[in-house]
1. Relative contact order for the chain: what percent, with Cα pairs under 8 Å and sequence separation of 6 or more?
2. Dividing the Cα radius of gyration by the Kirkwood radius, what Rg/Rh value follows for the chain?
3. If I stretch the segment between GLU84 and ALA52 completely, what's the gain in nm (0.36 nm per residue apart, minus their alpha carbon distance), one decimal?
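Only the coordinates and a few stated rules stand behind these numbers; no lab work does. Quick caveat, the model's predicted, so the values are computed rather than measured.
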Amino acid sequence: MTLPFFVYGTLRPGAYNHDPFLLGRTGAEEAARLPGALLHDGPGYPYAVPGAGTVVGTLVTAGPGEYAGLLDALDRVEGDAGYERVAREVLRAGDGGAARAWVYLAAPGTPLGPLIASGDWFRRSPAGGG
């Protein structure tokens, strides 16, 4: 199944993992939201889990010929960091349209940090600030 990816932490444009993993490999990147999820802080990156909230992120479509390599790279880096890939409905911020996408959620048993109430990794409170 070929789906776009919903990224919400260090893979978003402007974050430190975007360029090493996604730069030049995407066909489109658009603001989006993941309903039915909560965002928690982690050890330098966030974890989304199912819950009564919304997570802010980016819907990323692989560029031509990039899908298989991108899927493999993201599965490796995210799997090593305690995530599992699941298909979920996300909403495009621009038009509110729904899209099915791969999302990396915290795997069962992954230790979670504090809740990020805004649902936006870029708007989280500084360390120790709650």
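1. 31 percent
2. Result for the chain is an Rg/Rh of 0.94.
3. In short, 9.6 nm is gained.
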